[in-house]
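Here is the structure we will look at, set down as C-alpha cells.
The values are calculated or read from the model by the stated rules, or taken from the named source; none is laboratory data. As the structure is a prediction and not an experimental result, all values here were calculated from the model. All Cβ positions, glycine included, derive from the backbone under ideal geometry; neighbour counts span all protein chains shown. Keep in mind that these areas ignore ligands, DNA and RNA; they rest on the heavy atoms of the full protein, side chains included. Shrake-Rupley method; radii C 1.70, N 1.55, O 1.52, S 1.80 Å.
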Amino acid sequence: MSRPTPVRDGFGAIGRQLSVYFAEIAWRWSFGGAALGLGWLALYEYSQTLFVSRADLLLLSTRHPVLVGRALADIFRGSGPRLVAVAIILPIALAVFWSMAAALGRRESLRALLARTAPEVVPSLRLRPLLGLSFLRVTLLLALLASLLGAGILAGFLSSAKAPHPGLVFLAFLPLAGFVALTWAILNWFLSLAALFVVRDGCATFSALSAAVDFCRRRTGMVAAASFWFGLFHLIAFGAGSTLAMYPLSLASLVPGRVTLLLLALVTLVYFAVVDFLYIARLAAYIAAVEWDRRPPEPAPAGPAPAEPAPGWGDDEPLFALPPPSSFPGGEMLPQS
C-alpha cells in the first residue's frame, strides 16, 4: 500500500461518499437548530415572567439613559432566581443532547468511511466509549470557560481603582487566554481523533485516547501535514466568510433589516457547510493514515540464490589432497602411523 497523501485521500474519500457529508450536516445542524429553538423558547418563557408597569413604560419612552436604567432595574427586580435556573438547566440539557447526538453521528460517519476505506475491518457498535469521549469534550469546554474567567481575574490584579491600567490588563490577558485556548484545542483534537479507534478497534474511552496519542507519536509528520493543510483551508474559509458578511452589513442602511438578517444567515450557513466538509474530509484523511500505519510491512524481494562451491573447496575437504604413501615407489616399506 502506497504512502497516503492527506489532502488527496481526504477529499477523494468524501467525493466518492457525499452521503457521509450530508449525514454529518444532518446531525450537526439538527443539534444547532434544536439548541437555538430551546434557547429562544427559554428566553421567551423568561420574558413572560417579567412585569412591566405603566410607570416603567413611561420611563422607557423617554429614552434617557438614567430613566431607562431605572425602568430596567425595576423590571428585572426579583427575577434573578429564574434567570439563574435557566442558565443552569439549559446548558445541562444541551450538553446531554449534544453528547448523544455526537456519539451517534460520529459512529455512523466513521462506519461509512471505514466500509469504503478498509472493507476488511469490522466496525464496532459500542456507544458507551463514544459517550464518554463526548462527555470529556463537554467537561473540557467548561474547563475552558472557567480558565478564561480565571485568566481575566488574574489579569485584573494589575489594575486598581486608584491606578487603573486597562491596556496592561488587556496585554496580560491575551497570552493567558491564548495559552488556555491552545491547550483546549490540542486536548479537544485528541478526543475527536480517539473516536476513530473506538469505532475501528472497539477500544474503551481511555484506551482509544491512548491509541490516538500513540498513533500521533509514530506518524507525527503525516498527522501534522493533514492538520496543517486542513487548518489552512479552514482559515481561508473563515476569511472568505468574514469578507462576504461585510456586504450585507454595508447594505443595512439601504435594505430592510429582515433582508440583512436573511443574507447574514445565508452566509453563515454556507460557511458552516464548508467547515463541516473540511472536518469530515480531515477525518477521512486520518482514517487513510491509520490504515496505512496498520498494514504489515511488505516482504523484501528475494535475491539470487547463492552459487554452489566448486568441487574440492567445501568445508569438509582439505585444500590440497596428497596421494596415499603406497602410490610412491617403495612406499609400501614406509612405516604406517
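Solvent-accessible surface of the chain, averaged per residue with a 1.4 angstrom probe and all protein chains in place: 65 square angstrom.
Restriction of the chymotrypsin sites (Phe, Trp or Tyr not before Pro) in segment 20-97 to DSSP coil positions whose beta-carbon has at most 15 other beta-carbons within 10 angstrom yields PHE51, PHE76. Applying both filters, DSSP loop and at most 14 other Cβ atoms within 10 Å, to the chymotrypsin sites (Phe, Trp or Tyr not before Pro) of segment 181-276 eliminates every site. Anisotropy class assigned to segment 153-265 is oblate, per the alpha carbon gyration tensor with a/c at or over the 1.5 cut-off and a/b no larger than b/c.
Mind checking which of GLY12, ALA93, LEU43 is farthest towards the positive end of the chain's charge dipole, using Cβ charges of +1 (Lys, Arg) and -1 (Asp, Glu) about the Cα centre? Checked the options; the winner is LEU43. Taking every alpha-carbon pair under 8 Å whose residues sit at least 6 apart, segment 91-184 reaches a relative contact order of 25 percent.
Carbon-plus-sulfur accessible fraction, segment 81-124 (probe radius 1.4 Å, protein heavy atoms only): 77%.
Counted over segment 25-99 with a bin width of 10 Å, the fraction of Cα pairs per bin, in whole percents, is 17, 34, 25, 17, 7. Hey, can you list the DSSP H helices of the chain whose Cα span along the axis is 30 Å or longer and whose average Kyte-Doolittle score is at least 1.0? In the chain, the long hydrophobic H runs are 80-117, 128-156, 166-201, 220-250, 257-294. Counting only Cβ charges, +1 for Lys and Arg and -1 for Asp and Glu, the dipole size of the chain around its Cα centre is about 2260 debye. Note on the chain: helix-only mean residue ellipticity at 222 nm, from DSSP H runs of 4+ residues weighted -39500 (n - 2.57) and normalised by residue number, equals -26000 deg cm²/dmol.
If I histogram all Cα-Cα distances within the chain using bins 10 Å wide from 0, what percent of pairs lands in each bin? Whole-percent P(r) values from 0 Å outward: 4, 15, 21, 20, 13, 8, 4, 3, 3, 3, 2, 2, 1, 1, 0. Scan the chain and hand back the longest stretch that contains none of the trypsin sites (Lys or Arg not before Pro) lying in DSSP loops with at most 13 other Cβ atoms within 10 Å. Value returned for the longest uninterrupted segment is 163-337. The H on the amide N of SER124, modeled in the peptide plane, is under 5 Å from the matching H of ARG200, GLY202, each at least 5 residues off or on a different chain.
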